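Structure first, commentary second.
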Amino acid sequence: MARAGRPSIRDRVRQRAEENKHTGGSGYLKLPEGVSFLKTQKSTRQDPTRLDIVPFEVSKDCVIPDGKSKEMDLQKGDLWYCRTIFVHRNIGAEEKAYICPRTIKKPCPICEERARLSKNPNADEKTLNALKPQVKDIFNINDEKEGIQILEFSHANFRQNLEKEIREGKEEWAGFADLEGGFTLEVVFSEETFGGNKYLEATRFDFEPRDDYKESILDKAVDLNDCLVVLPYDKLERIFLELDSEPESEGKQAEKEEEEEEKPARASRKAPKEEVKEERSSRRAKKEEPEPEPEEEEEEEEEEKPPVKEERAGRRGREREEEPSKKSGKEKNPCPHGYTFGEDTNAKGECQKCDTKDWEACQDKYDELHPRKGKK
């Protein structure tokens, strides 16, 4: 019995068996069990390499590359005879080959880096060429002894030459991959040399009529869209930048953890700036208002403000009607600021600074001279 949350042995065995169905391949191509790659070698016109290319059935609508710079639309159920792929070689610390994601119309970090470097007029030409993907084609080849095999070949050295023969040859040659009325290709692979490296190129094609194939051959043919191993962008980028090695990956992880820990600290460092802004705003507001009184006096002021406003309006009217004798009758003015004691109560700015006892005496005098309505 499996522990909670863990798959059982049976489930894992079944999963591995299913995954291991694709045992062949080149690292970037997964081939069904029993299918292998066709190995080509130098051949001659007297002893050509015989190839029976059979089509595969497209399993879903798609747009695929068609050679170096073109595309073609395929619909579910269509039959087609090849699949163009883009391959980056010598990538990462292990210098492996990977399918360029542009093969399935997705962005590629390696191509993006190459495009960035190419903008520099002093960029190293060797580096740019090394980052450029190779354009290759893959085909289903039916061999009388081996059954279905996969032919992988440079686009420029095989299919490009094949299409030239078809353009310049007989019209029926274009149906070489048809199940009925198809042709066996008799190919001459010549050995060529470039940059000190030897390679094979298909330099001659002859078309030999072949027996018709039954539709059952399609069940054996490999879906050339489904056998591609295309890594996600971020994973391919890590391999390309060699970030999957232990020292670097640990260092990057440590940096990320430090950044995560610093986020609250950065936020806290921003807080004082906000507080300074608020403090500056409050200072501006305070400059426009009278200077604040101590807390106790401020509470008393808040209680007295409404009646003071009413009394000020009434007092100003009464001041115009008052006889000069009323003001002149006072020999000494107790107001420390030189205003009329008992008359200018709360009417001047200095009243807010007045000593509490003096202010209360001034207010009492004002109430005595100007009794409020309803007050005895």
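Does segment 90-166 come out rounded, prolate or oblate by the C-alpha gyration tensor, with a ≥ b ≥ c the root eigenvalues, rounded set by a/c under 1.5 and, if not, prolate when a/b is larger than b/c and oblate if not? Intermediate values should be presented prior to the final figure.
Values: a/c = 2.69, a/b = 1.95, b/c = 1.38.
In terms of gyration-tensor shape, prolate.
Here are some pairs, Lys60/Lys119; Lys170/Lys198; Lys30/Lys132; Lys136/Lys220; Lys105/Lys220; which of them have Cα atoms lying more than 29 Å apart in this structure?
Numbers: Lys60/Lys119 38 Å; Lys170/Lys198 32 Å; Lys30/Lys132 23 Å; Lys136/Lys220 22 Å; Lys105/Lys220 27 Å.
Checking Cα-Cα distances, Lys60/Lys119; Lys170/Lys198 exceed 29 Å.
Using only C-alpha atoms and all pairs of different ones, pull out the Kirkwood radius for segment 19-244 in Å with one decimal.
Working: mean 1/r = 0.0527 Å⁻¹.
Computed over Cα pairs of segment 19-244, the Kirkwood hydrodynamic radius comes out at 19.0 Å.
Which one, Phe86, Leu218, Phe240, projects farthest toward the positive side of the charge dipole computed for segment 19-244 from Cβ point charges (K/R +1, D/E -1)?
Result: Phe240, furthest along the dipole toward the positive end.
What net charge do the residues around Ala202 carry, taking every other residue with its C-beta under 10 Å from that of Ala202, with Lys and Arg at +1 and Asp and Glu at -1?
Summing Lys/Arg as +1 and Asp/Glu as -1 gives 0.
I need the phi-derived Karplus couplings for segment 182-193: 6.51 cos²θ - 1.76 cosθ + 1.60, θ = phi - 60°, integer Hz, Gly and Pro marked x.
Values, residue by residue: x, 10, 8, 8, 9, 10, 9, 9, 9, 8, 10, 10 Hz.
Taking H as built 1.01 Å from N, whose amide H comes closer than 5 Å to the amide H of Ser36, not counting residues under 5 places away?
Those qualifying (amide H under 5 Å, at least 5 residues apart or on another chain) are Ile150.
Amide H to amide H, which residues 5 or more places from Asp66 or on other chains are under 5 Å from it, using H placed in the peptide plane?
Counting only residues 5 or more places away or on other chains, the set is Glu71, Met72.
DSSP loop GluC sites (Glu not before Pro) in segment 149-202 with at most 10 other Cβ atoms within 10 Å of their Cβ, which ones? Spell out each step's value before the answer.
On the way: sites: Glu152, Glu163, Glu165, Glu168, Glu171, Glu172, Glu180, Glu186, Glu191, Glu192, Glu201; in loops: Glu180.
Here the GluC sites (Glu not before Pro) that fit, given the DSSP loop and packing criteria, are Glu180.
Label-point separation (nm) for Glu192 and Glu144, each offset 7 Å from Cα along Cα-to-Cβ?
Taking the two extended label points, one gets 3.1 nm.
Quick one: which residues, 5 or more positions from Thr184 or on another chain, have an amide H under 5 Å from its amide H? H modelled 1.01 Å from N in the peptide plane, none for Pro or chain starts.
Glu208, Arg210
Kindly identify segment 177-237 as rounded, prolate or oblate by the Cα gyration tensor criterion: order the square roots of the eigenvalues as a ≥ b ≥ c, call it rounded if a/c is under 1.5, otherwise compare a/b with b/c, prolate if a/b is larger, else oblate.
Working: a/c = 4.80, a/b = 1.13, b/c = 4.23.
In terms of gyration-tensor shape, oblate.
Each reported figure results from applying straightforward, stated rules to the coordinates on display, with no laboratory input. Given the structure is predicted, the values throughout are model-derived calculations rather than measurements. Methodologically, a virtual Cβ is constructed for each residue, glycine included, from the backbone with ideal geometry; neighbour enumeration extends over all protein chains shown.
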